[in-house]
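Just so you know, all these numbers are worked out from the coordinates, no wet-lab data involved. Here the structure is a predicted model, which means the values were calculated and not measured. When we count neighbours, we look across all protein chains shown, and the Cβ atoms used for this are built from the backbone with ideal geometry, even at glycine.
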Amino acid sequence: MDERTELYGWLAAGNLNIEWPGVVLQTGECSWYSRLLNKFPQDAVWVSDDEWTCFMDGYVYNKDAFMAASAEGEWQHAFASSLRRDVKAHLQKLRGAFCGCAYDKAHRRMMLYTDQVSNKALYYYVDGERWIVSNSVYFMVQVLRANGVPYHFNCTAARYMLSYGYMLDDSTPVAEIHRLLPGCYAVLEKGRVVVEKYYTIPVQEVHRSEQEAVEQVDLAFREAVRREFEKDREYGYQHLVDLSGGLDSRMVSWVAHEMGYGDQLNIAYSRAGYLDDRISRQIACDLGHEYLFKPLDDALWLYDIDKRVRQNNGAALYSGITGGGRMLETLNPERFGIEHTGMLGDVILSSYYQDVNFSRGAPRYGYNQYSARVRYDFDPKLLEQYRTQEEFVISTRGMLGMQSSYMIRQHYVETASPFMDVDFMDTVFSIPFAYRNRHHLYLRWIREKYAGAAEYGWEKWGGVKPKESHLMQRRVRTARRLAKQTLCRILNMENMDSMNPVDAWYAGSADLQRFYKAYFERVIRCGILDGALRDEISLLFGQGNVTEKSMALTVLATVEQYFVP
């Protein structure tokens, strides 16, 4: 089977031929290729007539709101009519995970969109009358190659990867291909692209008491959980729910269980015997959930460079998903609709930073990087589109970085996190920073509403229960862990106190070391790279830890995937 058929996705192109395994549709000025996961077929939209074609991939929670406001008696036409009337209002009203496009045949104009947080990623290429829209950069590159269209390596994207480990803007490894950023739509017409933003993370606090904040968080979270899990039920799927030693996935699973969604398969993966293993196993057992654990000690997932880069579009560090990809490959995907995660819970309901002036201050570079081994000066204009440091880091590290694992997961299941529900985020970001700081509101919410969930250790606190009354125990445990880390450094010993002690696994595997070295040496001399970038990649690979080596290999993988014939 052609390796390309591993990829689920879709693509539309104007004035370019598409030759691809599968079905290609012709709709006037456009050619369409579609190999969708199709988990929620009654939510997806495909409407095509003499005037325009409208397409949406994903799922929607509030279909009834659109149908009730429309004379159309059927969802697909109600969606298309609403989108055509007022794009911005339509997208602001829509709830779910979605991306798509609409082509106006009379005006030869393409409009494309993604959801508020870019759960469903979308990319575009425009060169005069030639354009491509897709959720797969790999698909797009194949079309460019087949049509003999030149394209170029994006050195800025490579340097984002070598420092932050993810993209900071709409960059991709291909200079001519751009990502549509979260909460945006774009119009492609006469060789021009105009991008508009319809959703922005709110930053305005609203005064309220701490107790009111707890109540509002609980109501908003339960509604977000209800939306997700009811979507599974609508299609008869079992609930697939991540679980670890942290708080975020725990609260998704726990609250859903209390709300009557007990038919869960909890999945977990980490070093065997680590806190994530022990804590998640106990929670699932006590709740009576089906449970599946995958130990990562074999480190086989570190070999999956090419596959993960094809799946995540080179948007972030290939190994960031750790064993999640291989875990999903072991499951029967027919059983599940959405993988329910705790994505970004810790930094939304709490905060990235503990200093309010820094968090609410002007955005700055140099924080939340995977590596500072090579220093770069990035364009300061990029920061101007964000009002605060917190908005900048959630939009970039959160949505463009951490959430990039969703691109991989969506080759097997759809994805969601109640913490990233638009209405939940609107609620949380209006809460005074002082309540959110240092997990204070998070812990109070658990204590008052779901006290049982606090009776299990928290991996972040070294296994101490997540209670403010246990802060002294946490400090003692933290001090011991720091002392152990320091001792390991002094004695040049490997520290195994981690969910994924990749440096120790790498040091103990001559085969993995050979694999990394061979991959590096095979691609580093490629003529695509200029001398300066080649030296930077070599420095990171030669002197860096395993994460930094993986960042270097991620860049080299995009070179091999997209530029080497």
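Of the Cα atoms belonging to the stretch 232-289, the radius of gyration and Dmax stand at 11.4, 37 Å.
Across the chain, the relative contact order, built from alpha-carbon pairs under 8 Å that are at least six residues apart, equals 15 percent. Per the Debye calculation on the stretch 177-271 with a single equal scatterer at every Cα and no solvent contribution, log₁₀ I(q)/I(0) for q = 0.11 Å⁻¹ amounts to -0.59. Around the Cα centre of the stretch 522-565, unit charges on the Cβ atoms of Lys, Arg, Asp and Glu (plus for the first two, minus for the last two) sum to a dipole of about 160 debye.
Taking 25 °C and 0.890 mPa s as conditions, the stretch 1-153 diffuses translationally at an estimated 152 µm²/s according to Stokes-Einstein applied to its Kirkwood radius (Cα pairs). Name the residues of the stretch 136-169 whose amide N is less than 14 Å from a point 7 angstrom out from the Cα of A175 along the C-beta direction? Under 14 Å, as judged by backbone N against the label point of A175, lie 150-159 of the stretch 136-169. Computed from point charges on the beta carbon alone (+1 for Lys and Arg, -1 for Asp and Glu), the dipole magnitude for the stretch 169-232 about its Cα centre is near 340 Debye. Dipole orientation for the chain: of the candidates A146, Q211, I201, Q211 has the Cα lying most toward the positive pole (charges on Cβ; Lys, Arg +1; Asp, Glu -1). Ordering S350, G325, G366 by Cα displacement along the dipole of the stretch 318-370 toward the positive end leaves G366 in first place; charges were set at the Cβ atoms of Lys, Arg (+1) and Asp, Glu (-1). Looking at the stretch 175-211, which trypsin sites (Lys or Arg not before Pro) are in a loop (DSSP not H, G, I, E or B) and have at most 10 other Cβ atoms within 10 Å? In loop regions of the stretch 175-211 (DSSP not H, G, I, E or B), the sparsely surrounded trypsin sites (Lys or Arg not before Pro) are K190. The calculated Kirkwood hydrodynamic radius for the stretch 339-402 is 12.8 Å, given to one decimal from all distinct C-alpha pairs.
Longer than 19 Å from Cα to Cα, which of K120/K231; K39/K120; K39/K231; K105/K190; K517/K549; K294/K549 are they? Say none if no pair is. K294/K549, as the Cα separations exceed 19 Å there. The stretch 295-373 gives an Rg/Rh value of 1.06, both radii derived from C-alpha positions and Rh following Kirkwood. Close amide-amide hydrogen proximity is noted between W52 and K105, each under 5 Å apart and 5 or more residues distant or on a separate chain (H modeled in the peptide plane; Pro and chain starts excluded).
Helices in the chain, meaning DSSP H runs of at least 4 residues, each add -39500 (n - 2.57). Divided by all residues, the mean residue ellipticity at 222 nm is -11000 deg cm²/dmol. What the pair-distance distribution of the stretch 247-338 shows, using all Cα-Cα distances binned every 10 Å from zero, is 14, 41, 34, 10, 0 percent.
Dividing the convex hull volume of the alpha-carbon atoms in the stretch 33-114 by its residue count gives 97 Å³ per residue.
Each Lys or Arg adds one and each Asp or Glu subtracts one; over the other residues with Cβ under 15 Å from the Cβ of Y235, this totals -3. Near S359, once Lys and Arg are set to +1 and Asp and Glu to -1 for all other residues with Cβ below 10 Å from its Cβ, the sum equals -1.
Note on A372 and D306: with the Förster distance fixed at 25 Å, the Cβ-Cβ geometry gives a FRET efficiency of about 0.35. Provide the net charge surrounding Y291, with neighbours chosen by a C-beta distance below 12 Å and charges set as Lys +1, Arg +1, Asp -1, Glu -1. Local net charge: -2.
Placing +1 on each Lys and Arg Cβ and -1 on each Asp and Glu Cβ, with no other charges, gives the chain a dipole about its Cα centre of roughly 1500 debye. Sorted from longest to shortest, the spans of the Cα atoms of the chain along the three principal axes equal 69, 59, 46 Å.
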